[in-house]
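Notes for the one structure printed next.
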Amino acid sequence: DQQVKQNSPSLSVQEGRISILNCDYTNSMFDYFLWYKKYPAEGPTFLISISSIKDKNEDGRFTVFLNKSAKHLSLHIVPSQPGDSAVYFCAVISSNTGKLIFGQGTTLQVKP
Amino acid sequence: GAVVSQHPSWVICKSGTSVKIECRSLDFQATTMFWYRQFPKQSLMLMATSNEGSKATYEQGVEKDKFLINHASLTLSTLTVTSAHPEDSSFYICSARADRPPQADTEAFFGQGTRLTVV
């Protein structure tokens, strides 16, 4: 049973526009949420995170929004750049278990 | 950000042999390390969680006798794939997290990954 879901396997946007990546989770016990960027044959790179006591966290072009009632988080990238093209994984941590659980990933392509 | 070094980055081994993969946190003490396996075009699947000085906790379906994890120090965890078979060929990734003050940090940092090919 998938506890973390990224329902869109791919997303294509034009350079300069906004990229919105979505993630849904099932367990209300998750209390920390992260986004990672990954290139093929490399380990993921941490992008941005948010704790369950917040609903927004911003870092440069990246903003993460958390809607606890909907068990939904999203990553906004604006403006999108061709170098942002990669696979983006959302991940969650449960303070109960300490496990870091990933979604399936969304492949973002930013076209010049 | 913090640096996690994983070695080797790729390895080819013969069926039946064992392979050890190392994961080191270079500039922080990693009280918790995670080992993941990624199949082509799929997500990172958590294999096990290891805490320094204690036995690893394996996820359901992961054979603990096949995938031996040792987390003997705060900066090193190893994954040994024993009696490797072609179906063990995959991309293995470790991540490390500091849970204790003064470096208490929830973000986990990842190694570069190891491409294992069993022939």
Margin query: Please go through the stretch B:1-23 and give me each residue that is away from chain A (no Cβ under 11 Å), touching a residue at least 60 places away in the same chain (Cβ under 8 Å) and in a strand (DSSP E or B), ordered by number.
Written below: B:HIS7, B:VAL11, B:ILE12, B:CYS13, B:VAL19, B:LYS20, B:ILE21
Notebook entry, point to check: For B:SER77, are the conditions met, namely being without any contact (Cβ under 8 Å) to a residue 12 or more places away in the chain and under 25 Å from A:PRO40 (Cβ atoms)?
Noted result: no
Next item on the list: State whether one or more residues within the stretch A:18-33 are under 30 Å from B:ARG24 (Cβ atoms), within 11 Å of chain B (Cβ to nearest Cβ), outside any strand (DSSP E or B) and in contact with a strand residue (DSSP E or B) (Cβ under 9 Å, 6 or more places away or on another chain).
Entry: no
Note to self: Any residue in the stretch A:39-54 that is within 14 Å of A:LYS68 (Cα to Cα) and at the interface with chain B (Cβ under 10 Å from one of its Cβ atoms) sitting within a Cβ distance under 8 Å of a residue that is of a type in the set (S, T, N, Q) and assigned to a loop (DSSP other than H, G, I, E, B)? List the pairs, counting only those 6 or more apart or interchain.
What the structure shows: A:SER51/B:THR106
Checklist line | Residue among A:PRO79, A:PRO44 that alone is more than 11 Å from the chain's Cα centre (by Cα) and either surrounded by fewer than 15 Cβ atoms within 10 Å (Cβ to Cβ) or among the aromatic types (Phe, Trp, Tyr) (or both) | finding: A:PRO79
Next item on the list: Could you look through the stretch A:47-70, keep only residues that are touching a Phe, Trp or Tyr at 6+ places or on another chain (Cβ under 8 Å) and of a type in the set (D, E, K, R), and pick out the one that is surrounded by the fewest Cβ atoms within 10 Å (Cβ to Cβ)?
Entry: A:LYS56
Check: Across the stretch B:97-119, what is the number of residues that are facing another protein chain (nearest Cβ under 7 Å) and at pLDDT 80 or above?
Finding: 6
Note to self: Suppose we keep only residues that are within 9 Å of chain A (Cβ to nearest Cβ) and assigned to a loop (DSSP other than H, G, I, E, B) within the stretch B:28-44. Which one would you say is most open to solvent (accessible area, probe 1.4 Å)?
What the structure shows: B:LYS41
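The values are calculated or read from the model by the stated rules, or taken from the named source; none is laboratory data. None of the values given here were measured: they were computed from a predicted structure. Cβ: placed from backbone, ideal geometry, glycine included. Neighbour counts: every protein chain shown. Remember, those area values only see protein heavy atoms, side chains included, never the ligands or the DNA or RNA. Shrake-Rupley method; radii C 1.70, N 1.55, O 1.52, S 1.80 Å.
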